[in-house]
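Peer 1: The structure follows.
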Amino acid sequence: RTVYVNGSYLPEEKATVSIFDRGFLFADGVYEVTAVLDGKLVDFAGHVTRLERSLNELKMELPVSSDELLEIHRELIKHNKLDEGAIYLQITRGAADRDFVFPKNAKQTLILFTQAKPISAPKSGIRIVSAPDIRWGRRDIKTVQLLAPSLTKMLAKEAGKDDAWMVEDGFVTEGTSCNAYIVTKDSKIITRNLSNSILHGITRAAVLKLASELDMEIEERPFTIDEAQQAAEAFVTAATAFVNPVIEIDHVELSGGKPGPVVTRLSQLYIEESRKAAI
Ligand code: PLP
């Protein structure tokens with residue numbers, strides 16, 4: 001693979017960053033993952049807007065313009081002949097002698113790499129378990145400190161399931177790397193309202209917009225595992241998972257253990273729309 005590091009396109013074995021990088025020492029950095037369909041970027045503008053917000057919350061700025069970022073994404077797609085998959089982007093505060101106090105003139109580290117994988121194939125649905133949400137209080141900032149969701153995902157894998165929905169004060173926050181939804185028996189979509197407790201998913205925004213254009217009813221509020229187990233259908237969204245059906249929650253099967261009609265339709269329409277709008 002060809003990757004990007006601070007202005008250079010290099011073979012991945014040649015790409016390095018300092019051991020003093022604050023991303024490495026403090027998880028002092030943010031990231032984005034943008035889906036690529038047909039060699040084009042899905043919702044690039046949404047990802048850059050959230051990236052700027054994440055940076056601002058950590059008192060950083062974009063190290064290059066958003067036009068330059070787009071150019072870098074496109075160069076990497078070209079270099080790697082990427083048709084379908086994702087581009088990962090990370091910005092850290094840069095390298096400085098280890099100190100909790102932010103360095104005054106560190107140069108930010110910007111890296112990007114591609115991941116080729118089929119992402120638009122129809123999905124058979126995932127089985128999830130619930131687990132306590134042990135993350136920090138600013139989940140709205142897309143930081144690279146992903147140990148808590150990684151440990152939580154491992155709990156799910158060890159239980160033979162695909163992912164976990166994390167629960168705080170009795171209510172589902174989100175999946176380990178996705179937003180969580182249920183569909184009621186009268187086809188209303190319920191998903192947790194935006195706050196510091198969850199990541200403001202770019203796919204979430206696009207899917208809710210699509211659902212409202214389809215005149216579907218949406219309720220943004222917290223829900224419990226118990227309510228989810230009694231729902232007609234459930235799903236998750238994320239940039240590279242699109243709309244992914246959930247067919248089991250804590251050993252209770254939903255919609256007969258296969259993707260239900262509402263989620264199947266949303267999933268197909270969302271991919272169609274994403275293909276059309278990709279740049
Ligand atoms: N929630 C969490 C915790 C995530 O890590 C992610 C994506 O990685 C999402 C939600 C979905 O966000 P997006 O749709 O922007 O990919």
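Peer 1: Going through the stretch 151-199 one residue at a time, which ones are assigned to a loop (DSSP other than H, G, I, E, B) and closer than 23 Å to residue 31 by Cβ?
Peer 2: Residues satisfying the conditions are 162, 176, 177, 192, 194, 195, 196, 197, 198, 199.
Yes/no matrix, rows are residues, columns are (1) closer than 24 Å to residue 136 by Cβ; (2) more than 16 Å from the ligand (Cβ to nearest atom):
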position	(1), (2)
13	no, yes
22	yes, yes
62	yes, yes
74	no, yes
80	no, yes
85	no, no
93	yes, yes
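Peer 1: Within the bounds of the stretch 68-75, is there any residue that is in contact (Cβ under 8 Å) with a residue 12 or more places away in the chain, part of a strand (DSSP E or B), surrounded by 16 or more Cβ atoms within 10 Å (Cβ to Cβ) and in contact with a Leu (Cβ under 9 Å, 6 or more places away or on another chain)?
Peer 2: Within the stretch 68-75, not a single residue is in contact (Cβ under 8 Å) with a residue 12 or more places away in the chain, part of a strand (DSSP E or B), surrounded by 16 or more Cβ atoms within 10 Å (Cβ to Cβ) and in contact with a Leu (Cβ under 9 Å, 6 or more places away or on another chain).
Peer 1: Another question about this same structure. Tally the residues that are within 15 Å of the ligand (Cβ to nearest atom), surrounded by fewer than 23 Cβ atoms within 10 Å (Cβ to Cβ) and among the polar types (S, T, N, Q), restricting the search to the stretch 203-243.
Peer 2: Number satisfying all stated conditions: 1.
Peer 1: Only one of these conditions is not met by residue 122: (1) more than 14 Å from the ligand (Cβ to nearest atom); (2) in contact with a Leu (Cβ under 8 Å, 6 or more places away or on another chain); (3) outside any strand (DSSP E or B). Which number is it?
Peer 2: Answer for residue 122: the failing condition is (2).
Here's the yes/no breakdown for (1) within 30 Å of residue 218 (Cβ to Cβ); (2) more than 14 Å from the chain's Cα centre (by Cα); (3) open to solvent by 80 Å² or more (accessible area, probe 1.4 Å):
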{"residue": "90", "(1), (2), (3)": "no, no, no"}
{"residue": "109", "(1), (2), (3)": "no, yes, no"}
{"residue": "128", "(1), (2), (3)": "yes, yes, no"}
{"residue": "138", "(1), (2), (3)": "yes, yes, no"}
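Peer 1: Give the stretch 166-189 a look and list any residue that's open to solvent by less than 50 Å² (accessible area, probe 1.4 Å) and within 23 Å of residue 50 (Cα to Cα), or say none.
Peer 2: 166, 172, 173, 174, 175, 176, 178, 179, 180, 181
Peer 1: Is it the case that residue 252 is more than 30 Å from residue 50 (Cα to Cα), of a type in the set (A, V, I, L, M) and modelled with pLDDT of 95 or more? Full working, then the answer.
Peer 2: Values: more than 30 Å from residue 50 (Cα to Cα): yes; of a type in the set (A, V, I, L, M): yes; modelled with pLDDT of 95 or more: yes.
Considered against the rule, which asks whether it is more than 30 Å from residue 50 (Cα to Cα), of a type in the set (A, V, I, L, M) and modelled with pLDDT of 95 or more, residue 252 comes out as yes.
Peer 1: If you don't mind, there's one more thing I want to ask. Hey, can you tell me all the residues within the stretch 140-150 that are loosely packed, with under 13 Cβ neighbours inside 10 Å and assigned to a strand (DSSP E or B)?
Peer 2: Of all residues in the stretch 140-150, those loosely packed, with under 13 Cβ neighbours inside 10 Å come to 147, 150.
Once the filter is applied, which keeps residues that are loosely packed, with under 13 Cβ neighbours inside 10 Å and assigned to a strand (DSSP E or B), the stretch 140-150 yields nothing.
Peer 1: Considering only residues of the stretch 244-255 that are among the acidic types (Asp, Glu) and either part of a strand (DSSP E or B) or under 17 Å from residue 197 (Cβ atoms) (or both), which is nearest to the ligand (Cβ to nearest atom)?
Peer 2: Quick first cut of the stretch 244-255, residues among the acidic types (Asp, Glu) only: 248, 250, 253.
Next, only the ones that are either part of a strand (DSSP E or B) or under 17 Å from residue 197 (Cβ atoms) (or both) stay: 248, 253.
Values: 248: 20, 253: 24 Å.
This residue is 248.
Peer 1: Something else about it: Could you pull out the residue among 94, 85, 125 that is within 16 Å of residue 62 (Cα to Cα) and of a type in the set (Gly, Ala, Ser)?
Peer 2: On the way: 85 fails: within 16 Å of residue 62 (Cα to Cα); 125 fails: within 16 Å of residue 62 (Cα to Cα).
That would be 94, the only listed residue that is within 16 Å of residue 62 (Cα to Cα) and of a type in the set (Gly, Ala, Ser).
Peer 1: Can you pull out every residue in the stretch 24-41 that is within 12 Å of the ligand (Cβ to nearest atom) and open to solvent by 10 Å² or more (accessible area, probe 1.4 Å)?
Peer 2: 31, 33
The values are calculated or read from the model by the stated rules, or taken from the named source; none is laboratory data. This one's a predicted model, so the numbers in the text were calculated from it and none came from an experiment. Quick reminder, even Gly has a Cβ in these numbers, built from the backbone with ideal geometry, and neighbours come from all protein chains shown. Surface areas here come from the heavy atoms of the whole protein model, side chains and all, with no ligands, DNA or RNA. Shrake-Rupley method; radii C 1.70, N 1.55, O 1.52, S 1.80 Å.
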